[in-house]
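Below: one structure, written as structure tokens.
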Amino acid sequence: MASLFPALTEGPADRPALRFGERSLTYAELTAATGVLAGGLKDAGRVAVWATPTLETAVAVVAALRAGVPAVPLNPKSGEKELGHILSDSAPSLVLASPGDELPPPLGDLRRIDVTPDATGIPVADGEDAEVGEDAEVGEDAPALVVYTSGTTGPPKGAVIPRRALSSTLDALADAWEWTGDDVLVHGLPLFHVHGLVLGILGPLRRGGSVRHLGRFDTDGVARELNGGATMLFGVPTMYHRIAQALPDDPELAKALARARLLVSGSAALPVHDHERIAAATGRRVIERYGMTETLMNTSVRADGEARAGTVGVPLPGVELRLAEEDGSAITSYDGETVGEIQVRGPNLFTEYLNRPDATAAAFTADGWFRTGDMAVRDPDGYVRIIGRKATDLIKSGGYKIGAGEIENALLEHPGVREAAVTGEPDADLGERIVAWIVPTDPESPPTTQDLADHVAHRLAPHKRPRVVHHLPALPRNDMGKIMKRALTHD
Ligand code: MCA
Ligand code: AMP
């Protein structure tokens, strides 16, 4: 079985691999640290990773992959209900965390391994002396990661991502982006989703290049790193929106973006207005790629292609993509007008939703195409233009996918809420913001917006909290009793 990270053993040993703030590891140090840790993980079954934006998380995930055990990245801001669900569903045998991390009650009973970059107390510089075994021999279809992703209803589902999906998506992106070991990537994305973890950490490591993680995103960090030798930036549209806002007053940021080799946006649509503002201030065009937790990456504007605002480019090598009519028939015309659902096939796909054969079966057509739920048209030259989603109950806020049903259920657990409906509305910064429509139990003293935001943040996760709350005497319902969300508007 080919290694996921050939550079760990074959690349220049002193090349920087990972940098988080002041702390960094060269390839030699990363090889030693993950080798030692991997030795302790063999046969561990699934392992959870407390995925803070730190060196430890990157080391933990690479070690798990070297040991051949699937890693389940956990959002360290997950509330108890969300965490409880993910832990009972994925049943990890242990959790990998940083030494100082305080783990909340749902993780209390789980065996814990503190990840230090030297993993066993052996200083990394002396890593050559440590017990480093061979990487585990596991097949290409073996699970590598289980990443939890929200659906329209119910709790998040664990998408089981096999090793071949990681290698094929990262190699396809290397082809599309001319991505090499000479690239230095900067990003400030969270490490519990595909974008920040797979593309942002495993991507540079598969190429033998470097990643500098900002810890948390800000435009100063982006300017500093791109002016200091980084060549690529990955971000969600909210980050590029904040860059576009800052550019007029920040010549250093404009200089930094102008010198980058590649600026890539994904996880949600980047508005044309932000594309244009960045291009006007820097002379550089952001390119978009389109992916999904279940499919990893499907399409991208290529480095040598035309960076056309509003499109996500062409299918990546190895990815079959079609637009399908409601009845399942394929749309063959590339006319820029005929709308269909994007369906994909290829080695980049997940294998299943953990413990959810029903949901897995429903996600595929009879002939094996994965239904993305995204609606698009194709331009005459094949460029894909996403125009919306099939399900209105999925909200993309800050690049996070959030299911309305999950938030409604959490709101209904608040004693002050009798009925609840959740919608998304346009937001210049977040793309969409979460809006809660509630019928209070006591109309005389309804719960405050802050109350409900805290309630959802503590049960699920802060990014799932409603930003706006409306009180209604009753929710609009049709004759069947179903809530008519389209009737929910402010005025
Ligand atoms: C605020 N906070 C709270 C509350 N209110 N905490 C608890 N209770 C509350 N009531 C905290 C938040 O946790 C956060 O903490 C801080 O206040 C600010 O939060 P917020 O305003 O919500 O967010 P932000 O800091 O402005 O974040 C914007 C962001 C973020 C940085 C763009 O949305 C982000 O990182 N998005 C990336 C999403 C992503 O990676 N998606 C990929 C999935 P603190 O300040 O401590 O953080 S999609 C994917 O993977 C597919 C494959 C793809 O195509 O890419
Ligand atoms: P997630 O389920 O969190 O992995 O998010 C995947 C979804 O993000 C896709 O189904 C799309 O709706 C959306 N998405 C990802 N990249 C883009 C993009 N470049 N443009 C528009 N939507 C995107």
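The values are calculated or read from the model by the stated rules, or taken from the named source; none is laboratory data. What you are looking at is a predicted structure, and each value in this text was computed from that prediction instead of being measured. Glycine gets a Cβ as well: all are built from the backbone with ideal geometry, and neighbour counts include every protein chain shown. Please note that ligands, DNA and RNA were not included when accessible areas were found on the heavy atoms of the full protein model with its side chains. Shrake-Rupley method; radii C 1.70, N 1.55, O 1.52, S 1.80 Å.
Numbers for the structure displayed
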quantity: In nm, spacing of pseudo-spin labels at GLU413 and ASN478 (7 Å Cα→C-beta vector); calculated: 3.0
quantity: Prolate/oblate/rounded call for region 151-252, Cα gyration tensor, a/c under 1.5 rounded; calculated: oblate
quantity: Amide H within-cut-off set for GLU352, under 5 Å, with H built and near neighbours excluded; calculated: VAL160
quantity: Estimated dipole of the chain in Debye, rounded to 20 [Cβ of Lys and Arg +1, of Asp and Glu -1, Cα centre]; calculated: 580
quantity: Whole-angstrom gap from region 57-98 to region 236-269, using each part's C-alpha centre; calculated: 31
quantity: Rounded if a/c under 1.5, otherwise prolate or oblate - region 283-394, Cα gyration tensor axes; calculated: prolate
quantity: Ranked by how many other beta carbons lie within 10 Å on average, peptides 80-87, 426-433, 162-169 from highest; calculated: 162-169, 80-87, 426-433
quantity: Test item: Cα-centred dipole of region 203-253, Lys/Arg +1 and Asp/Glu -1 on Cβ, debye; calculated: 400
quantity: Given LYS396/LYS482; LYS42/LYS464; LYS77/LYS482; LYS157/LYS390; LYS464/LYS485, the pairs whose alpha carbons are separated by over 26 Å; calculated: LYS42/LYS464; LYS77/LYS482
quantity: Charge dipole of the chain about the Cα centre (unit charges at C-beta), most positive-ward option of SER88, LEU394, THR448; calculated: THR448
quantity: Helix-derived mean residue ellipticity, 222 nm - over the chain, DSSP H n ≥ 4, -39500 (n - 2.57), to 500; calculated: -7500 deg cm²/dmol
quantity: In Å², nearest 10: area of HIS414 left accessible to a 1.4 Å probe; calculated: 30
quantity: For ARG389, distant residues with modelled amide H under 5 Å away; calculated: MET375
quantity: Solvent exposure ordering (accessible area, 1.4 Å, most first) of TYR334, TYR353; calculated: TYR334, TYR353
quantity: Separation of alpha-carbon centers, region 285-317 and region 380-394, rounded to whole Å; calculated: 13
quantity: Test item: Cα-centred dipole of region 415-484, Lys/Arg +1 and Asp/Glu -1 on Cβ, debye; calculated: 220
quantity: HN-Hα J in Hz across region 181-190 - Karplus 6.51, -1.76, 1.60, θ = phi - 60°, x for Gly and Pro; calculated: x, 7, 6, 10, 9, 10, 7, x, 7, x
quantity: Label point 7 Å beyond Cα of ARG285 along Cβ direction - residues of region 334-351 with amide nitrogen under 12 Å; calculated: none
quantity: Positive-end extreme of charge dipole, region 252-318 - chosen from ALA260, LEU296, GLY318 (charges on Cβ); calculated: ALA260
quantity: Computed P(r) (all Cα pairs; the chain; 20 Å bins; percent); calculated: 23, 57, 20, 1
quantity: Cα centroid separation, region 172-215 to region 146-170 (Å); calculated: 18
quantity: Other-chain or far-sequence residues with amide H under 5 Å of LEU145's (modelled H); calculated: ALA71, ILE161
quantity: Cα-based shape type of region 196-320, given that a ≥ b ≥ c are square roots of the gyration tensor eigenvalues and the cut on a/c is 1.5; calculated: oblate
quantity: Sorted peptide list for 470-478, 33-41, 339-347, 212-220, criterion being average Cβ within 10 angstrom, highest first; calculated: 33-41, 339-347, 212-220, 470-478
quantity: The chain, accessible surface, carbon-and-sulfur percent (1.4 angstrom probe); calculated: 51
quantity: Per-residue HN-Hα couplings for region 474-480 [Karplus 6.51, -1.76, 1.60; θ = phi - 60°; Hz; x = Gly/Pro]; calculated: 7, 8, x, 10, 8, 4, 7
quantity: Contact order relative to length of region 349-491, as percent, for alpha carbon pairs under 8 angstrom and 6 or more apart; calculated: 16
